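Asker: Before I ask anything, here is the structure I am working with.
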Amino acid sequence: MNLKSYLALLYYRLRYKYQDLKLKLDIKIANWNKKGKERLTVMVIPHSEQKTINFHISYRAITIFIGTILVLLLISSINVLSHSGSIHQLTELNLSNQDFIRQSAKMKEEINGLHEHVEYYHNHVGALYGRLTGDNSKVAKGIGGAEKLSFSSDKNLAPGAEVFRLKEDVHNLKVANELTQEIISILKKRKNLIRQTPSIWPVKGYVLYPYGEYLNPVTARRDFNNGLDIGAFPGSEVVATAPGTVYEIGYTRNTGYFVKVAHKFGWKTIYSNLDRVKVKANQQISKNEVLGFVGKSENSPQYSLHYEIHVGTRAIDPFAFLNQIQD
């Protein structure tokens, strides 16, 4: 069998099946039309002697009526389900809105707490900067002064108040950070000055005669003490109160052995009434290095150390520097 014959046979088979299906469908439609034209009689018989009422309804009308009812029920069900979904969405939106309100209140409380910490940090850094430099122009706050936030349903509350507060805090933190960096720089510079400042006790003991006028036990007269006399045990170690250079060592009957040390920034210290000296002239010494040992002289019959601090040529009270300045 060639291809042409096969296709012709296939065509006739399909045509036969099509005609068969069409015939069956026409028969079913005819039966449905015939069944639809049949009528159903409904009789209404009253209990009284009134006339009986007859209703003649075709099966087609009943089918259309039932179909219409089913369609209406389907549409109503869809509407009910859609309405239920809308109610559910509204409920979820309401819950989300309430959660948003709670989160907003919490956020405002956190912003207030953060603002208080920023204010505390900024104020203290500014106060420290003002004490160190005496310049308060850089301490001024930057962009605001917004009042404390509180959650409220008031419609007049500015919606951007939180953003403004955060911008203000960020600005003040930036200012405080800049001031902190300047304070660190200042302290680093001053730390070197503090290290070079006489700031420790030169010997372990007690104040025998303070700086200023005092009654001289040898002459029984009131004299002026340019330094500080510290009573101590014989032979106690005398240490340098700051790093420096020994620029003079000597001995007199009034002072006994003495050592003079020059420090940076114009400081000078003098240690008198020594029994022995351990250092040499022009020697570089460090803080707390032993210079000599406690002794006595003709003007100081008690074992003590006479200690003086000079700034340039001026003697100042050493007691103000004893353990008052630390690194």
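Asker: Between beta-carbons, use under 14 Å as the cut-off and find the net charge around residue 184, counting Lys and Arg +1, Asp and Glu -1. Show your work: numbers first, answer last.
Answerer: Numbers: positive: 188, 189, 190, 191; negative: 178, 182.
Net local charge, residue 184 excluded: +2.
Asker: Amide H neighbours of residue 236 under 5 Å, at least 5 residues apart or on other chains, H built in the peptide plane: list them.
Answerer: Under 5 Å from the amide H of residue 236 lie the amide H atoms of 294, each far enough along the sequence or on another chain.
Asker: Cα centroids of the range 98-138 and the range 232-259: how far apart, whole angstrom?
Answerer: 54
Asker: Using only DSSP helix segments of four residues or longer, with each worth -39500 (n - 2.57), what per-residue ellipticity at 222 nm results for the chain after dividing by its residue count and rounding to 500? Present the calculation step by step, with values, prior to reporting the outcome.
Answerer: Working: 3 runs with 145 residues, N = 327.
Result for the chain, helices only: -16500 deg cm²/dmol.
Asker: What do you get for GluC sites (Glu not before Pro) in the range 1-103 restricted to DSSP loop and a cutoff of at most 14 other Cβ within 10 Å of the site's Cβ?
Answerer: Values: sites: 38, 49, 92; in loops: 38, 49.
Filter output for the range 1-103: 38, 49.
Asker: Take the chain, connect every pair of alpha-carbon atoms lying under 10 Å apart with a spring to form a Gaussian network, then pick out the residue of 184, 230, 64 with the largest mean-square fluctuation.
Answerer: Maximum fluctuation in the GNM of the chain, among the listed residues, is at 64.
Asker: Now for a separate question. For the chain, with a Gaussian network of springs between Cα atoms less than 10 Å apart, report the residue from 301, 46, 243 with the top mean-square fluctuation.
Answerer: The residue that fluctuates most here is 46.
Asker: What accessible area per residue comes out for the range 8-90, rounded to a whole number of Å², with a 1.4 Å probe?
Answerer: 94
Asker: So what is the accessible area of the range 176-327 per residue, in Å², with the probe set to 1.4 Å? Could the numbers behind the result be given before it?
Answerer: Working: 8440 Å² over 152 residues.
That works out to 56 Å² for each residue.
Asker: Quick one: Karplus J couplings for the range 279-294, per residue in order, coefficients 6.51, -1.76, 1.60, θ = phi - 60°, nearest Hz, x for Gly and Pro?
Answerer: Each residue of the range 279-294 in turn: 10, 10, 5, 6, 7, 7, 10, 10, 5, 6, 7, 6, 9, x, 9, 5 Hz.
Asker: Counting other C-beta atoms within 10 Å, and keeping those with at most 11, which DSSP coil trypsin sites (Lys or Arg not before Pro) do you find in the range 177-261?
Answerer: Working: sites: 188, 189, 190, 191, 195, 204, 221, 222, 253, 260; in loops: 204, 221, 253.
Within the range 177-261, the qualifying trypsin sites (Lys or Arg not before Pro) (loop, at most 11 other Cβ atoms within 10 Å) are 221, 253.
Asker: For the range 226-288, take every pair of Cα atoms, bin their distances at 5 Å starting from 0, and report each bin as a whole percent.
Answerer: 4, 17, 30, 27, 17, 5, 0
Asker: Quick one: grab Rg to one decimal and Dmax as a whole number for the chain, Cα atoms only, in Å.
Answerer: Radius of gyration, then largest Cα-Cα span, for the chain: 55.0, 163 Å.
Asker: Carbon-plus-sulfur fraction of the accessible area of the chain, 1.4 Å probe, in percent?
Answerer: Working: 13520 of 23030 Å².
Within the chain, the accessible surface is 59 percent carbon and sulfur.
The values are calculated or read from the model by the stated rules, or taken from the named source; none is laboratory data. Keep in mind the model is a prediction, meaning the values are calculated, not measured. Backbone-built Cβ (ideal geometry, glycine too); neighbour counts: all protein chains shown. The area values use the complete protein model at the heavy-atom level, side chains included, leaving out ligands, DNA and RNA. Shrake-Rupley method; radii C 1.70, N 1.55, O 1.52, S 1.80 Å.
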